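Report on the structure given below.
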Amino acid sequence: MAKNSGSVCVVKHWQDAPKMDESTLVDDLTRHFYYTLGRDKVGESQLYLYHALALTIRDRLVARCRATNQYLADKKTRKAAYISLEFLMGRALSNAVLNLDLEDKVRDALKEYCCELETVAQAEHDAGLGNGGLGRLAACFLDSCASLALPVIGYGIRYEYGMFNQKIEQGHQVEQPDNWLREGHPWELAAPEKAKRIKFSGHVVSHIDRSGREHREWIDTQDVLAVPYDVPIPGYKNEVVNTLRLWKSEATDEFDLNEFNAGSYSEAVAKKNLAEQITMVLYPNDTSENGKELRLRQQYFLSSASLQDIVDNWVERYGPSFNDFADYHVFQLNDTHPSIAVAELMRILVDDYELEWQEAWQITTSTMAYTNHTLLPEALEKWPVSLFARLLPRLLEIIYEINARFLTEVALKWPGDIGKQRALSLIEEGEQPQVRMAYLAIVGSYSVNGVAALHTELLKSGLFSDFYQLWPEKFNNKTNGVTPRRWLSHCNPQLASLISSKIGDAWKADFAKISDIRRYFDNKAFQQKWQQVKLENKQRLADLVSKECGVEFDVTMLFDVQVKRIHEYKRQLLNILHVIHLYDRICRGDTENLVPRCVLFGGKAAPGYYMAKKIIKLINNVASVINQDRAAHPFLRVAFLPNYNVSAMEVICAATDLSEQISTAGKEASGTGNMKFMMNGAVTIGTLDGANIEIRECVGADNFFLFGVTAEQAQQIRQDYKPMEIIDGCIELKRVMQLLESGHFNLFEPGIFDDIVNAIKCPSDPWLVAQDFPSYVKCQENASQAYEDKEHWLRMSILNTAASGKFSSDRTIQDYCDDIWRLSPMQLITAN
Ligand code: 21N
């Protein structure tokens, strides 16, 4: 400490980043274990060793984080903020060790404690702050942004409870709270001094100043504090450490003070609860909007805190002048969830900084960019105007103003067409008028993107076609990707080192290079090793399935896997019908060319999604009948793995032979699990949907099992769909339906699958399960025959990995950067 001239004590700037050599790592690990954590016995539990190691690694991250922040403070650079209600991060330790290039040294250091890195790493709880693809995409994007040295900050919510834990009881899903912070979260650093104040409720008053300008003031609000918790995001071997800033809600002090003074202790506490509720729990609804007030509070809380953070930083450094603000900022909205940010930025600029509407709108519409993740109509967010009026009255006024100006533009484009104005209005009229959040996002953004080629085309021709006619230049595609560090290097270390032994390891930072492995697809010795790795990964998964489900998987059998959120459009039902068909063949003795399979399912149903929960129950009942049948044992095993999450996928995707991507064409925006499987050498059985189409283009039609109708055909077929005729015309499906209806899988639970049976037979089944069943069964037979030919399958497997270069999120982020963000990589001077 150096004494300042005054009474303030200034900490001398910490010069030396902690050393990266093994002996310093051991020292730090020991110091954290004994002193930071106050423990003295190793071995009792891996938890404290995990914490000590995490703190040791965190020290190294914090040092680099400071360097990155220093760079950004010294240099006026254009930055992006990725604003998302979800970040499905999974575990952080191994990822940090990998990206800091500390793996060998950490392994050696842990030897002093007789521990394996893998076992210690398993003590970490998954950070499950997301539902599915959208949240995991955000996590992959952060890894890629840091690895490409791009100045990108993530903004999200620090949910106290993340995605629920799923148990299976008597075949039913049971949800349990995910208290992921209970044992501490060593990766975060709170910054209470940077807390922001978020307004809710109250009302708006108007006053005219001396120059005749009207000022709107939002007053008598019930404020909540947003406290930032920063999580470091290390780039891959490049010294960059970016930040994920997660906001926690807290009560403001005046709440307590005022009410304490009035003597109402309990009222004060009750209000504290209301404030702290905002970030208490992640909504687990996945693709369907849920319309709860608390959810809108979360959305505004995140949007306002994040924008205030950026604007405050700007004003601190450059003063309240916004001339070139838009040159230095872009806000990427992860779906419509944070789209209230459009109106909030207007509020900040117009109300807080007194910009003219035109100027503020110019800034807003050159900084906001919106990503759409779904075409499902039930997922389109709408909020009742009445709720907005009560909770966010000033924002509703701003939305009305945006709408009025927008509708004059519509009237110019389509003169006299009142229908167009009604159709495009940000306000849906009706008994209960609603704010259309997607329209707000489109109107307020300079970029609107879909997440796979087909999806973007469908946005332009369907859902958003009027907007596309109005502003074709806004629309663009950014096909999703996943990070090859977590989804190959980390989760499949044996395959990674086999690949690197042939082509070096430059593919980890430049995944286009993975195609170099194609040269070896016909090489016998290489195929041998490839198969050996797959077998060992299959054994690792078999052990997990045995432990969690009590079902024995045989690694010589084909591993057929479908893991993802349970949803009718994803058609887990089609998959289980195929399983029932295989079982029927076994029962009939038709086993001559039956290729033995282990079929694995995993995924969570939204707690209120009745049909999805029925489907879980059906899968479990079918599994239990089949697994108990000795005749089926040599040919078929079926398991439902409870609590599918990021860490489970790390084991699963490395061990899969056949990846099930069987959504009704036109419904899955992209899919990203499909990419993780492909990277790890699984072959896809899939429809022409989402990114499957691009996967098939990359790997070649011969190395992809395609079935089912196209998105276009699906639309046609729905006009005059007759599932009963399909069932009558397909003996296999007829027998499957008979088995289902006979109660074979629910002998003691009569009627429980009636709704499923009826859904399949229903002419208005939007998912066309019966329609695609015959071609699916045929395609599965082709896959089985291909698997029988071991060499053929190995070639396909290698070719899939080799062709997966496009599906790195590094490529995706480079595309965002080139077309939307226009950021320059940071050039950090390396420390050690
Ligand atoms: C997915 F509960 N979209 S997960 C696509 F109200 N949307 O389905 C997938 F809070 N979630 O095809 C694509 O690969 C992936 O995004 C990445 O692009 C998802 C929406 C959602 C809606 C409501 C809620 C939560 C999430 C809730």
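The values are calculated or read from the model by the stated rules, or taken from the named source; none is laboratory data. Computed from a prediction, not measured in an experiment: that's the story for all the values here. Glycine gets a Cβ as well: all are built from the backbone with ideal geometry, and neighbour counts include every protein chain shown.
Here are some notes:
- When each of Ser321, Ser306, Ser264, Ser288 is tested for being modelled with pLDDT under 95 and out of contact with any helix residue (DSSP H, G or I) (no Cβ under 6 Å at 6 or more places or on another chain), the lone residue that passes is Ser264.
- Scanning the range 659-674 for residues that are more than 9 Å from the ligand (Cβ to nearest atom) and among the charged types (D, E, K, R) yields one hit, Glu660.
- Here the condition is being more than 30 Å from Arg540 (Cβ to Cβ), among the basic types (Lys, Arg) and surrounded by 21 or more Cβ atoms within 10 Å (Cβ to Cβ); of Arg422, Arg436, Arg486, it holds for Arg436 alone.
- The range 140-199 - residue that is among the acidic types (Asp, Glu) and more than 30 Å from Tyr610 (Cβ to Cβ) and, of those, modelled with the lowest pLDDT: Glu183
- Neighbours by Cβ (under 7 Å, 6+ apart or cross-chain): first from the range 117-141, over 15 Å from Leu88 (Cβ atoms); second in a loop (DSSP other than H, G, I, E, B) and away from the ligand (no atom under 13 Å from the Cβ): Ala121/Arg91
- Scanning the range 349-385 for residues that are in a helix (DSSP H, G or I), away from the ligand (no atom under 16 Å from the Cβ) and either of a type in the set (Phe, Trp, Tyr) or modelled with pLDDT under 95 (or both) gives Trp357, Trp361.
- Residue list for the range 513-531, restricted to those being over 18 Å from Ser804 (Cβ atoms) and in a loop (DSSP other than H, G, I, E, B): Asp522, Asn523
- Qualifying residue in the range 248-264 (condition: under 21 Å from the mean Cα position of the chain (by Cα), closer than 28 Å to Gly608 by Cα and within 16 Å of the ligand (Cβ to nearest atom)): no
- Selection count, the range 185-222, where residues are surrounded by 16 or more Cβ atoms within 10 Å (Cβ to Cβ), more than 22 Å from Ser304 (Cα to Cα) and among the aliphatic types (A, V, I, L, M): 0
- If you go through the range 108-163 and keep only what is surrounded by fewer than 24 Cβ atoms within 10 Å (Cβ to Cβ), more than 16 Å from the ligand (Cβ to nearest atom) and in a strand (DSSP E or B), you end up with just Ile153.
- Within the span defined as the range 696-716, one or more residues are in contact with a strand residue (DSSP E or B) (Cβ under 7 Å, 6 or more places away or on another chain) and part of a helix (DSSP H, G or I).
- Within the range 595-636, the set of residues being over 30 Å from His125 (Cβ atoms) and in contact with a Pro (Cβ under 9 Å, 6 or more places away or on another chain) comprises Pro596, Pro634, Phe635, Leu636.
- Number of positions in the range 276-310 that are near the ligand (Cβ under 10 Å from one of its atoms), buried (at least 21 other Cβ atoms within 10 Å of the Cβ) and assigned to a helix (DSSP H, G or I): 2
- Filtering the range 164-184 to residues that are surrounded by fewer than 18 Cβ atoms within 10 Å (Cβ to Cβ) and either in contact with a Cys (Cβ under 8 Å, 6 or more places away or on another chain) or of a type outside the set (S, T, N, Q) (or both) leaves Lys167, Glu169, His172, Val174, Glu175, Pro177, Leu181, Arg182, Glu183, Gly184.
- The condition (being in a loop (DSSP other than H, G, I, E, B), modelled with pLDDT of 95 or more, more than 16 Å from the ligand (Cβ to nearest atom) and under 30 Å from Ala138 (Cα atoms)) is satisfied by just one residue among Gly681, Gly751: Gly681.
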